[in-house]
Amino acid sequence: PKRDWSSDVCSSDLKAAQQQQQAEQALRELAKNAEQQQKDANKPLPQRAQELANAQKQLADKAEEAQKSDSPNERQQAAEQLQREQAALNERIENLPQNNPQGENAKNNPADPNADKPNDNAKPNPAQAARQEAQQRAEQAQQALQDVDLKQAAQEQRQSEQALRELAQQAAQQPMQI
């Protein structure tokens with residue numbers, strides 16, 4: 001009997017289909033992230049920071065749960081998924097408003113010759129320090145996930161969460177400085 005080769009699938013077809021599926025997933029994630037950033041832009045900073053803290057907590061919970069798995073393959077897959085989610089969250093944290101410790105009016109004051117010069121001695125205010133801490137810890141969590149170190153990732157995510165909660169609190173107390 002003759003074999004019908006028309007129904008056989010070669011491995012290159014499977015790889016191409018898998019790459020197509022991954023590209024489509026990446027595009028969906030980009031669109032979702034852009035939509036989320038648009039929503040974020042319309043929210044006050046305390047609310048944004050609190051929502052980011054909650055999202056960071058969820059990622060830490062997922063990382064801790066994945067760490068319990070006996071399967072290295074499952075931990076690897078979880079780390080890859082968490083890495084994508086952490087990257088999206090890191091972008092949202094990076095897009096939080098920067099703090100201007102001098103205030104807008106000082107920068108635009110033509111009577112002050114130092115208004116446009118950076119002050120290297122100026123310490124960041126508590127809200128700015130919390131934002132920087134949150135961003136740094138989130139980046140360290142991302143690195144830990146790349147290394148499939150779920151325990152370290154969860155620890156960094158918890159630290160980022162705490163810093164974001166501090167930012168929310170500081171921003172609510174001093175809205176004009178953010």
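Only the coordinates and a few stated rules stand behind these numbers; no lab work does. All of these numbers come straight from a predicted model, not from anything done at the bench. As a convention, Cβ positions derive from the backbone with ideal geometry for all residues, glycine included, and neighbour counts pool all protein chains shown.
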May I ask you to derive the FRET efficiency for ASP40 and ALA172 from their Cβ-Cβ distance with R0 = 22 Å, giving the value to the nearest 0.05?
-> 0.85
First check a/c for the stretch 9-62, with a ≥ b ≥ c the square roots of the eigenvalues of its C-alpha gyration tensor; if it is under 1.5, answer rounded, and if not, answer prolate when a/b is larger than b/c or oblate otherwise.
-> oblate
Positive-pole candidate from ASN54, ALA17, ALA79, dipole of the stretch 4-88, charges at beta carbon = ASN54
Using a Förster distance of 30 Å, the FRET efficiency for GLU64-GLN136 (Cβ separation, nearest 0.05) | 0.90
Set LYS43/LYS68; LYS32/LYS151; LYS15/LYS57 screened for pairs whose C-alpha atoms are more than 32 Å apart | LYS43/LYS68; LYS15/LYS57
